Amino acid sequence: MTHKEQILKTLEKEINVCKRLFTLLPKELHEYKPDDSMRTTLELLRYLSWCAGSCLESYFETDAEKLKKVYEGNWEHGETMKPEEFPARMDEEFEKIRKFFEMFADEGLLSKTVLIPWREKMPLGQAIIETSLKWLTGYKMQLYLYLRMNKLEVDTGNCWINA
């Protein structure tokens, strides 16, 4: 298995764990947020449904105006998501990610330099890990914690294992 395949498989697992956690989420928690300064569960789900693919998409678009439109389009698409659409939207997200992974060879992880959202240059492989993968993992953990804060029957395995 190549490094590219390993990263793609890890992204897919994170998406699948998010979808699994969603199955444990009661409807009454869609508007839950632990603090006024935080996202509601639905807002969190909406962000999860597009953040990883949108970032990856930005690594293959260099025109600033087009990039702004891509981001805005992805954000708007996320904002239209109804809670019950989350699993399908996550499938769409993985399909978008998979298609971008087809655009480069394993060597591209090291040889292609990209600009991540906070304007730092780095190799594509590192950029994918620093953004798309970490965001899926971090926001998945936030979803898991929302479930825990509401005393739902979840344990650590629910956050890390797609079973």
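Key figures
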read-out	value
For E153: the one exception among (1) within 23 Å of D35 (Cα to Cα); (2) loosely packed, with under 15 Cβ neighbours inside 10 Å; (3) at pLDDT 95 or above	(3)
Residues located in the stretch 55-81, provided they are closer than 23 Å to S111 by Cβ and within 17 Å of the chain's Cα centre (by Cα)	C55, L56, E57, S58, Y59
Which listed residue is among the polar types (S, T, N, Q) and modelled with pLDDT of 95 or more, from T80, T62	T80
Options K9, K19, K4, K96: the member that is of a type in the set (K, R) and closer than 22 Å to V154 by Cβ	K19
Residues located in the stretch 127-154, provided they are outside any helix (DSSP H, G or I) and either among the acidic types (D, E) or touching a helix residue (DSSP H, G or I) at 6+ places or on another chain (Cβ under 7 Å) (or both)	N150, E153, V154
E31 vs. criteria closer than 19 Å to K121 by Cα, without any contact (Cβ under 8 Å) to a residue 24 or more places away in the chain and surrounded by fewer than 16 Cβ atoms within 10 Å (Cβ to Cβ)	no
Cβ pairs under 6 Å, 6+ apart, first in the stretch 138-154 and aromatic (F, W, Y), second modelled with pLDDT under 95	Y144/C159
The listed residue being assigned to a helix (DSSP H, G or I) and in contact with a Leu (Cβ under 9 Å, 6 or more places away or on another chain), out of C55, C18	C18
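Every residue, every condition in (1) surrounded by 12 or more Cβ atoms within 10 Å (Cβ to Cβ); (2) assigned to a helix (DSSP H, G or I), yes or no:
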{"position": "T62", "(1), (2)": "no, no"}
{"position": "E72", "(1), (2)": "no, yes"}
{"position": "A88", "(1), (2)": "yes, yes"}
{"position": "F94", "(1), (2)": "yes, yes"}
{"position": "I97", "(1), (2)": "yes, yes"}
{"position": "P117", "(1), (2)": "yes, no"}
{"position": "G125", "(1), (2)": "yes, yes"}
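The values are calculated or read from the model by the stated rules, or taken from the named source; none is laboratory data. These numbers come from a predicted model, not from an experiment. Reconstructed Cβ throughout: ideal geometry from the backbone, glycine too, with neighbour counts over all protein chains shown.
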